[in-house]
Each structure stands twice: as C-alpha cells, then as structure tokens.
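One structure is given here, and the rest of the page talks about it.
Read-outs throughout are calculated quantities, based only on the coordinates presented, and are distinct from any laboratory measurement. Keep in mind the model is a prediction, meaning the values are calculated, not measured.
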C-alpha cells in the first residue's frame, strides 16, 4: 500500500498517494477526508485507493455511505475520477467543467466545482476560493496554476492542488512555498487580470489568516515551521509577492 493517511486534527485527514511522471518520478498526489459538523463526510479530490486504505476510510466514516460528497478541485487531476465514482457510488460527485467534459457518462452533481452555488452547499464547514484573473482551464494541458482551493475552518487546514507548491526543499532545509510556475500563462489575456490576481492574493492571506496547515498535492502536509515562517499566512504572502514580476509583465502587455 503506497497511500498514507495523515490526521491533521479536528475532522481533517489528508491522504497521500502516488503520481509518477512518465512512470518514473513520483511527484505524489493527494485527497482529503473532511468531517462536516452534521456528522457527514466529504472527500476532496479523487484517487484509486488500495483496499486497505478504503478499509481505513470506512473505519473513520462508519462505512461508505458516510461519505456524502466528493468534490474534485483541479481540472487536470482526473486520472482517478472513474475509480472514485466506483468506490463511492452513493456520494454526490462534483467536478470542474473539464471533469464533466472528460467523463460525460458518469453521474455528476447539478453544479460544477467552480460554481459558487456548489460552495454555498458546504458553507457551514468549508470555504472555497478560485484565483481571480486566472483561467481555470486554458488551451494547454500543461498550465496548472488555476484550481479551486478549500479551507476547513474547524481544523484550520487548506487543501490546494497545483496553485501553491513547494520549491527548494532539501534534507535539513525548509523549502519555500511558491505559486505554480505557469501562472504567467494562466492569467487571462485582458486588462486588469494581473491586478485581480494580486487583490485575490491579499484577500486570501487575510481571510484565511488563521490557517495552520496547508496540504499541497505534490509537496505534502506543510506547516509554518516547515516553510521557515512564523505563520502559514506569512508563507503564502511571501509566495504571492514573488510573482510580482510576472504580474508586471502581464500588465505591460495587457494593462
């Protein structure tokens, strides 16, 4: 079994999985299990779990029917979509527009993940946000800066796929949180897109200032001390400030 379940506390479990680039380099991937205040559970993102992992999930949820919904947050994390539908047939499955286009035969919720109407259904426990000024899906499958981020207030834990990642981490040395390197290509080709992203980043750092844990798809479970920062919001703020040159280039071109 290659999966690992990490208890982040207060009803949030991050499940680490394997994703091998070209079948060789394991970049890792994630899903998260969240207990809602009404006792139901929600899965964030999809994965083809080993039977042993499903048994451990069942032990937490009280059985497969305890999972009310699966919410897929990144349009290009689609590899395990069918497996997740098979493992949790009783759950309501939310996907981005790309998920629905890629798997039209599957049964989906009546709203897509990026629709605020979906977010409102879980507002008692989860906050969601979508980077402003960024295309969730571009013409290239290699541009992964856009995704829906989720914040579980009870555990003070953020679940993010590719929008934030880690760079420069070495044994004995803290890495730096970073924005996905394709941000410059993901910004919408219009005036004001760069400023919209800048404003979104400022709101994110302020609104989610109490966050203590950040679960990143390809970097693991991160805390302020992991990132050499006093607070997680500080690490996020530094990551956002380091894209200023990209934003300035976009503004010179588009305004």
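Note on the range 206-255: semi-axes of the ellipsoid equivalent to its C-alpha gyration tensor, largest first and rounded to whole Å, are 26, 12, 10.
Taking the C-alpha atoms only, the angle from helix 51-61 to the longest principal axis of the chain is near 90 degrees. Mean-square fluctuations from a GNM of the chain, with a 10 angstrom spring cutoff on Cα atoms, peak among 122, 88, 41 at 122. Computed log10 I(q)/I(0) for the range 109-255 at 0.09, 0.13, 0.14 Å⁻¹: -0.27, -0.58, -0.67, from the Debye equation with unit scatterers placed on every C-alpha and solvent omitted. Relative to the dominant Cα principal axis of the chain, helix 244-254 is inclined by about 70°. In degrees, nearest 10, range 0 to 90: what is the angle between the Cα axis of helix 232-241 and the longest Cα principal axis of the chain? Once rounded, the angle reads 40 degrees.
Of all the options 101, 176, 156, the one that moves most in a Gaussian network model of the chain with Cα springs shorter than 10 angstrom is 101.
As a test of the formula, what do you get for the chain when each DSSP H run with n ≥ 4 contributes -39,500 (n - 2.57) and the sum is divided by the residue count, at 222 nm and rounded to the nearest 500 deg cm²/dmol?
On the way: 8 runs with 69 residues, N = 255.
Result for the chain, helices only: -7500 deg cm²/dmol.
Scaled against the 2.2 N^0.38 Å expected of a compact globular protein of N residues, the Cα radius of gyration of the range 175-227 reads 1.34.
How large is the Kirkwood hydrodynamic radius of the range 57-117, in angstrom, based on all distinct alpha carbon pairs?
Working: mean 1/r = 0.0836 Å⁻¹.
After inverting the mean inverse Cα-Cα distance, the result is 12.0 Å.
Select one label from [x] 17.6, 55; [y] 18.4, 58; [z] 18.1, 62: the one whose number is Rg and Dmax of the Cα atoms in Å as derived from the coordinates shown. The listed entry that was calculated here is [x].
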